[in-house]
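In what follows, a single structure is set out as C-alpha cells and then discussed.
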Amino acid sequence: MVNKKSYFTFSCIAVFFFCCAHQVEALENGLAKTPPMGWNSWNIFHENINENQIKGIADAMVSSGMKDAGYIYLNLDDNWMATSRDANGKLRADPTRFPGGMKALGDYIHSKGLKFGIYGDRGLRTCHHYHTGPVGSGSGSFGKEQLDANTFAEWGVDYLKYDNCDPSPGSNMRQDYERMRDALANCGRDIVFSICAWEFQPWMPAAGNLWRTTGDITDKWSSSGFFHGIIECIDKNATLATHAKPGAWNDPDMLQIGNGGCTTEEYRTHMSMWCIMASPLIAGNDIRNMSQTIKDILLNREVIAVNQDPAGIQGTRVKASNGLEVWCKPLGSVNGTTKAVALLNRNGSAQSITVNFSDIGLSGTVSIRDLWAKSDKGSFSGSYSMMVPSHGTGMLKITSGPAEPISAFTKIEAENFSLQSGIQTETCSEGGENIGYIQNADYVVYNNVDFGDGAESFIARVSCGSNGGTIEILLDSLTGHLAGSYSVTTTGGWQTWIDVTCTIARITGKHDLYLRFTGTDQYLMNINWFHFDSGIVGTKQRAVTVRKGDFKTETRNGAITITPLKHNRYSMSVFGSDGRLITIRDNMVDKVSVPVKSRGIYVIKLSCEGHVETKKVSVY
Ligand code: GLA
C-alpha cells in the first residue's frame with residue numbers, strides 16, 4: 001500500500017519542486033469544484049440589459065426550476081456599466097438602465113438564493129465600449145484591478161467574467177489576467193474567475209477557474225471564423241480535455257439552447273456535449289419564456305448530473321467514423337465502473353451508433369440507462385446500438401456488473417463502489433483492497449443494496465491514522481434519508497483495523513446506499529468492508545442471557561461476562577451505545593469478563609471461525 005507518510009513526504013518534495021520551478025499547476029482558490037452553472041445576459045440580450053429585466057430573470061430562475069436544477073449564477077455581461085467612472089475612479093452602473101445600482105441588484109439576486117456574476121475587461125474598455133463607445137471611457141480594468149476587485153466585492157459579486165478587448169498598448173495578456181487573479185484573491189470575497197480570451201493558453205489553469213477555449217458561440221449548428229457554431233466549439237474544446245479538473249474548466253462558451261437558431265436535436269447535442277465535456281453550463285436564453293421542449297433539455301437532471309460529477313473528468317471522443325462518434329466521460333473515477341456515453345451523429349440523416357464496451361473500459365455484463373428517455377434499457381454484454389437522429393446525441397449511463405441487487409447482510413467490499421467523489425483504493429494489509437484518502441465531504445455509492453425485511457445496525461472494518469471523522473449512512477442520494485452515523489477515531493495507524501458498529505434507523509427494501517464522510521483532518525479513515533445486521537439480539541433487561549449458538553452473555557456487578565459454549569478460538573469486541581469501541585480481544589478460548597464503567601446499552605460482537613454473533617446487553 002502507499003503509506004500515507006511517504007505520500008506526504010512525496011507531496012512536500014513535489015510542492016517544493018514545483019514552487020522552485022515557478023510553476024503553479026492550478027489556481028486552487030477552492031471555488032467552482034464542479035463546472036459553474038447559471039445564466040448570462042449576452043447571448044439573448046447583448047448590450048440591451050436593464051434592472052427590471054434582470055430582476056425578472058432572477059425571478060424566472062427560481063420559478064422555472066433552473067435554480068433548483070443547479071443554475072445558480074446570474075451573470076450580467078457587457079454594458080451594465082456607465083461609459084465613465086465616478087469621481088473616485090470607481091466603476092459605476094449605467095444610471096439610466098440600472099438606477100438602483102449594482103449593490104442593490106446584487107442584494108436582489110442574493111435574496112432569491114442565487115449568486116451574482118458580473119463582467120469586466122483586462123484592457124482599457126470592454127468589448128462593447130471598444131466597438132461603440134467613446135475613446136477613454138475607462139470601463140476596462142487595466143491598471144485599476146485592485147480598485148475594481150474591491151468594488152465588485154462591495155457589491156457582493158460572486159463571479160467575474162473577464163474579457164480581452166482593447167488591451168493597453170504594450171501590455172501583456174498573461175500579466176493582465178494574473179493581476180486581476182491576484183486582485184480577486186485580495187478583495188476579501190470568494191469570486192469565481194472566468195477568463196474570456198477566446199483561446200486556451202497554458203498559463204490559464206493557474207490564473208482562472210475557467211477559460212474560454214473558442215471564439216464567440218453563435219446560435220448555429222456550424223459556423224466558421226470568430227463566431228463558432230456548436231460543432232466547432234465541441235471540436236476545439238475536445239482537444240484540451242487533459243486540463244479540466246475540479247476548480248479548473250475548459251469553457252467552450254455559453255449555451256445558445258432556446259434561442260431559436262437550431263433544431264431541438266441540435267440543442268440536445270449542445271447540452272449533451274457540454275455535459276460530457278464537463279463544460280460550464282451557462283444558459284443564454286430568455287428563461288422568462290421557455291417552451292416545455294427547451295425546459296426538458298436544460299432541466300434534465302440526469303444529464304446535468306453527468307456534467308456535475310464530482311470527479312470532474314472531461315469526457316473524450318473514443319471512436320469516430322463516417323460522422324458517427326462515441327464519447328465517454330468516466331463518472332466517479334477514471335477507472336470506475338460507471339461511464340456516461342454520448343453517441344453523436346454529425347450526419348444529415350438518422351443513423352445507428354454502436355458503443356463497444358471494451359472501448360469505454362468496461363467488460364462483462366453492463367446495465368444501461370438512457371438519460372434523455374429517462375428509462376432503463378436492461379443488461380447487455382459486448383456492445384449496444386441505438387438510432388440517433390440527424391445532428392442529435394444519445395446519452396447513456398453505463399454501469400458494469402449485473403443490475404441484480406447486493407445483499408446488505410453479506411460483506412460488501414468497500415472498493416466495490418459504483419461511484420465515488422475523490423477517494424482512492426489501495427492495497428489492504430488484510431488482503432485485497434480498501435478505500436482510503438477519504439476527505440471531508442467525500443462519498444461512495446453502492447447501487448441497489450437490498451435491506452430485505454430490515455437492517456438495524458451497521459458494521460464496518462475501519463482503520464484511522466488521524467483523529468478520524470464521521471461516516472453518514474444515507475439512502476438514495478446525498479440529500480436522502482440519514483439512517484445513522486458513526487464517528488471513527490484513531491485506531492493507531494492507517495492499516496490498523498478494527499470493527500465498529502452502530503445502530504441505525506431501520507432500513508427495509510432496496511436502496512442506493514451512500515456513505516458520506518465528514519471531518520476536519522486531511523484524511524479521515526480507511527474502510528476495508530462493511531455490512532448491515534438484521535437487528536441486534538437481546539432486549540433491554542437487567543441481566544440478559546442470550547443463546548444464539550456459540551456464546552452466553554451475562555451482565556453482573558458492573559461487568560459483562562462472555563462464556564464460549566464451544567471450545568474454539570474466538571475474538572470479541574465490545575462497543576458503547578454510541579458505537580465507540582471499548583475493548584477488542586483476539587485469539588481467546590476461555591470465559592472473559594469486561595468491566596464497564598457506566599450504565600447503558602453495550603454491543604458485543606463475537607466471531608468464531610467465520611460465524612459472527614452480535615449481542616446487545618443492558619447494564620444497570
Ligand atoms: C466578447 C466575449 C463575449 C461577450 C462580448 C461582450 O466577444 O467573448 O462572450 O462577453 O465580448 O461584448
Potential extension, Ser171-Trp198 segment - 0.36 nm per residue separation minus Cα distance: 8.0 nm
Applied in sequence order to the range 322-334, the curve 6.51 cos²θ - 1.76 cosθ + 1.60 (Karplus, θ = phi - 60°) yields integer Hz couplings, x standing for Gly and Pro, of 6, x, 10, 10, 10, 10, 9, 10, x, 9, x, 6, 4
Calculated FRET efficiency for the pair Ser84/Ser222, C-beta based, R₀ 45 Å, to 0.05: 0.65
Lys, Arg +1 and Asp, Glu -1 on Cβ, resulting dipole of the range 219-292 about Cα centre, debye, nearest 20: 160
About its Cα centre, what dipole magnitude does the range 259-414 give when the only charges are +1 on Lys and Arg Cβ and -1 on Asp and Glu Cβ, stated in debye to the nearest 20? 80
Starting from the Cα of His46, move 7 Å in the Cα-to-Cβ direction to define the label point; list residues of the range 186-225 whose amide nitrogen is under 16 Å from there. 216-220
What does the charge add up to near Lys67, with Lys and Arg as +1, Asp and Glu as -1, over the other residues with Cβ less than 12 Å from its Cβ? 0
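If packing is taken as the mean number of other Cβ atoms within 10 Å per residue, what is the order of 292-303, 35-46, highest first?
Most protected by this proxy first, the peptides run 35-46, 292-303.
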Ordering of 122-133, 248-259, 355-366 by burial proxy (mean other Cβ atoms within 10 Å per residue, highest first): 248-259, 122-133, 355-366
Starting at the first residue of the range 61-74, write each ³J(HN,Hα) from the Karplus equation 6.51 cos²θ - 1.76 cosθ + 1.60 with θ = phi - 60°, in whole Hz, x for Gly and Pro. 4, 7, 5, 7, x, 4, 4, 5, 7, x, 6, 10, 8, 9
Can you tell which of Asn356, Ile406, Leu298 lies farthest toward the positive end of the dipole of the range 264-417, using +1 and -1 charges on the Cβ of basic and acidic side chains (Lys, Arg; Asp, Glu)? Leu298
Kindly put Lys374, Lys220, Lys615 in sequence by how many other C-beta atoms sit within 10 Å of each C-beta, fewest to most. Lys374, Lys220, Lys615
If I fit a long axis through the Cα atoms of helix 264-276 and take the longest principal axis of the Cα atoms of the chain, what angle between them do I get, 0 to 90°, rounded to 10? 60
For the chain, with only Lys/Arg (+1) and Asp/Glu (-1) charged at the beta-carbon, what is the dipole magnitude about the Cα centre, in debye rounded to 20? 1940
Proximal lysines to Lys566, defined as alpha-carbon separation beneath 21 angstrom and excluding residues fewer than eight positions away on the same chain: Lys548, Lys552, Lys591, Lys605, Lys615, Lys616
Looking at Trp203, Ser418, Gly315, which one has the Cα that reaches farthest to the positive end of the dipole of the chain (charges on Cβ: Lys, Arg +1; Asp, Glu -1)? Ser418
Of Met102, Ala183, Cys165, which is farthest on the positive side of the dipole of the range 99-207, counting Cα position, with +1 on Lys and Arg Cβ, -1 on Asp and Glu Cβ, and the Cα centre as origin? Met102
Going by C-beta contacts inside 10 Å, put Phe226, Phe380 in order with the fewest on the left. Phe226, Phe380
Please say if the chain is rounded, prolate or oblate, where rounded means a/c under 1.5 for a ≥ b ≥ c the square roots of the C-alpha gyration tensor eigenvalues, and otherwise the choice is prolate for a/b larger than b/c and oblate otherwise? prolate
Sequence gap of 8 or more, or different chains, plus Cα separation below 21 Å: how many lysine pairs satisfy both in the range 130-278? 5
Give a residue-ordered list of calculated ³J(HN,Hα) values for the range 244-251 (Karplus: 6.51 cos²θ - 1.76 cosθ + 1.60, θ = phi - 60°; whole Hz; x for Gly, Pro). 7, 6, x, x, 8, 10, 6, 10
Under 5 Å between amide H atoms, partner at least 5 residues away or on a different chain: which partners does Asp253 have, H built in plane at 1.01 Å? Thr213
Listed pairs Lys115/Lys374; Lys377/Lys397; Lys112/Lys397; Lys339/Lys374 exceeding 22 Å between Cα atoms: Lys115/Lys374; Lys112/Lys397
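Laboratory data are not the source of any read-out in this text; all were calculated from the coordinates shown. Keep in mind that what you see is a predicted model, and the values were worked out from it rather than measured. We place every Cβ from the backbone using ideal geometry, glycine too, and count neighbours over all the protein chains shown.
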